[in-house]
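Asks: Got a structure here, written out as structure tokens. Questions coming.
Only the coordinates and a few stated rules stand behind these numbers; no lab work does. All figures in this text were calculated on a predicted structure; none of them were measured in a lab. Quick reminder, even Gly has a Cβ in these numbers, built from the backbone with ideal geometry, and neighbours come from all protein chains shown.
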Amino acid sequence: MEFRKADIELAFDLKRIQVLSHLDREIVSAMGMGGSASVNMGGVGGN
């Protein structure tokens, strides 16, 4: 059970990363390559 639980958590983490990176691209393309690009870089560094 422990191993399966870890697999499920890992899958959720990967999905969350995919969603977040997708949202970052949406925001950058919507706002242009202005200040939002540096904000996203800071977010990546924070992780």
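Asks: Could you run the Karplus curve 6.51 cos²θ - 1.76 cosθ + 1.60 with θ = phi - 60° over the stretch 5-13 and give me ³J(HN,Hα) per residue in whole Hz, x for Gly and Pro?
Replies: Running phi through 6.51 cos²θ - 1.76 cosθ + 1.60 with θ = phi - 60° gives 4, 5, 4, 5, 5, 4, 4, 5, 4 Hz.
Asks: What does the charge add up to near V19, with Lys and Arg as +1, Asp and Glu as -1, over the other residues with Cβ less than 13 Å from its Cβ? Could you put the intermediate results ahead of the total?
Replies: On the way: positive: K15, R16, R25; negative: D13, D24, E26.
Spelling it out: positives minus negatives among the neighbours equals 0.
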